[in-house]
Amino acid sequence: DGGITQSPKYLFRKEGQNVTLSCEQNLNHDAMYWYRQDPGQGLRLIYYSQIVNDFQKGDIAEGYSVSREKKESFPLTVTSAQKNPTAFYLCASSRGPNQPQHFGDGTRLSIL
Amino acid sequence: QKEVEQNSGPLSVPEGAIASLNCTYSDRGSQSFFWYRQYSGKSPELIMFIYSNGDKEDGRFTAQLNKASQYVSLLIRDSQPSDSATYLCALGADRGSTLGRLYFGRGTQLTVWP
């Protein structure tokens, strides 16, 4: 079955720690995206990538970093510079511009 | 930055009624529009997408696009309690430096009561 796999489902971060959220897709999609959703809020774009080895900042990139070394994978690192990381993180992929985005099941990140 | 406005609701309709969800947008040049459904605690799932003016139907769902008036709507016929969710409107950045990204509204919460 094709789909988008995010792991872990739940993640806890200690003060001063970097954590990495995994996102893998086997849909052969070119584009991948990371969103953050806070309770009762809409989706905010963190980073996105249209092709391998290239990515763009979204609206709230500060305190986050990404890489796109493989078409299937787009990991997100939440750095210690992100002072309020508690949120629901969603990864999505699409075939390209103008195409629908499909979402993974998300990762819930909390501070210990 | 493209603005996407949705009534936050909540919208409450009885079972069997038509639920109408509306979305207005600021960028007259937008070409692609999407509706997502998000159940509480879950990730968004794609319901409909529409690119051309007019109506597009899929089962109980109809998306309506009016580019001249800059609005897109989603109609849910024969609403069921299982349709109770937050509905997100999104439009695509179809050109320029932000090509490929979507701009989301904040969502409309729908409750269908039995």
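The values are calculated or read from the model by the stated rules, or taken from the named source; none is laboratory data. No experiment lies behind these values; they were computed from the predicted model shown. All Cβ positions, glycine included, derive from the backbone under ideal geometry; neighbour counts span all protein chains shown. Note: areas computed on protein heavy atoms with side chains; ligands, DNA, RNA excluded. Shrake-Rupley method; radii C 1.70, N 1.55, O 1.52, S 1.80 Å.
What number of residues within region B:1-26 are outside any strand (DSSP E or B) and within 14 Å of chain A (Cβ to nearest Cβ)? Working first, answer last.
In the first step, residues of region B:1-26 are kept if they are outside any strand (DSSP E or B); the result is B:1-3, B:7-10, B:15-18, B:26.
Then drop every residue that is not within 14 Å of chain A (Cβ to nearest Cβ), which leaves B:1-3, B:7-10.
Final tally of qualifying residues: 7.
Which residue, of A:Tyr48, A:Tyr10, A:Tyr89, A:Tyr35, is among the aromatic types (Phe, Trp, Tyr), within 14 Å of chain B (Cβ to nearest Cβ) and surrounded by fewer than 18 Cβ atoms within 10 Å (Cβ to Cβ)?
Values: A:Tyr48 fails: surrounded by fewer than 18 Cβ atoms within 10 Å (Cβ to Cβ); A:Tyr89 fails: surrounded by fewer than 18 Cβ atoms within 10 Å (Cβ to Cβ); A:Tyr35 fails: surrounded by fewer than 18 Cβ atoms within 10 Å (Cβ to Cβ).
When all the criteria are applied, what remains is A:Tyr10.
Report, by residue number, each residue of region B:47-61 that is in a loop (DSSP other than H, G, I, E, B) and either surrounded by 19 or more Cβ atoms within 10 Å (Cβ to Cβ) or within 13 Å of chain A (Cβ to nearest Cβ) (or both). Spell out how you get there, then give the answer.
Filtering region B:47-61 down to residues in a loop (DSSP other than H, G, I, E, B) leaves B:51-53, B:59-60.
Hits for region B:47-61 are B:Tyr51, B:Ser52.
Tally up the residues in region B:63-114 that are in contact with a Phe, Trp or Tyr (Cβ under 6 Å, 6 or more places away or on another chain), small (Gly, Ala, Ser) and within 30 Å of A:Ile51 (Cα to Cα), please.
Matching residues across region B:63-114 total 1.
List the strands (runs of 3 or more DSSP E) that sit entirely inside region A:23-108 and contain at least 1 residues that are closer than 23 Å to B:Gln31 by Cβ, touching a residue at least 40 places away in the same chain (Cβ under 8 Å) and within 12 Å of the chain's Cα centre (by Cα). Don't jump to the end; show me each part of the working.
Numbers: elements: A:31-37, A:43-51, A:54-57, A:64-66, A:76-78, A:87-94.
Ranges flagged: A:31-37, A:43-51, A:87-94.
In region A:98-112, what residues are at the interface with chain B (Cβ under 7 Å from one of its Cβ atoms) and open to solvent by 50 Å² or more (accessible area, probe 1.4 Å)?
Start the filter on region A:98-112 by keeping residues that are at the interface with chain B (Cβ under 7 Å from one of its Cβ atoms), which leaves A:98, A:100-106.
Matches in region A:98-112: A:Asn98, A:His102, A:Asp105.
For B:Leu110, indicate whether it is assigned to a strand (DSSP E or B) and away from every other protein chain (no Cβ under 14 Å). Walk me through it before giving the result.
On the way: assigned to a strand (DSSP E or B): yes; away from every other protein chain (no Cβ under 14 Å): yes.
For B:Leu110, the condition - assigned to a strand (DSSP E or B) and away from every other protein chain (no Cβ under 14 Å) - is met.
Would you check if there is a residue in region B:27-46 being surrounded by 15 or more Cβ atoms within 10 Å (Cβ to Cβ), at pLDDT 95 or above, touching a Cys at 6+ places or on another chain (Cβ under 7 Å) and within 11 Å of chain A (Cβ to nearest Cβ)?
Looking for residues that are surrounded by 15 or more Cβ atoms within 10 Å (Cβ to Cβ), at pLDDT 95 or above, touching a Cys at 6+ places or on another chain (Cβ under 7 Å) and within 11 Å of chain A (Cβ to nearest Cβ), one finds at least one in region B:27-46, hence yes.
Give me a count of the residues in region B:5-45 that are touching a Phe, Trp or Tyr at 6+ places or on another chain (Cβ under 6 Å) and without any contact (Cβ under 8 Å) to a residue 24 or more places away in the chain.
1
Please count how many residues of region B:62-105 are open to solvent by 10 Å² or more (accessible area, probe 1.4 Å), within 14 Å of another protein chain (Cβ to nearest Cβ), part of a loop (DSSP other than H, G, I, E, B) and in contact with a strand residue (DSSP E or B) (Cβ under 6 Å, 6 or more places away or on another chain).
Looking only at that region, the number is 1.
What residue, of A:Ser94, A:Ser80, is among the polar types (S, T, N, Q) and either at pLDDT below 95 or open to solvent by 10 Å² or more (accessible area, probe 1.4 Å) (or both)? Talk me through it step by step, then tell me what you get.
Numbers: A:Ser94 fails: either at pLDDT below 95 or open to solvent by 10 Å² or more (accessible area, probe 1.4 Å) (or both).
None of the other options fit; the residue is A:Ser80.
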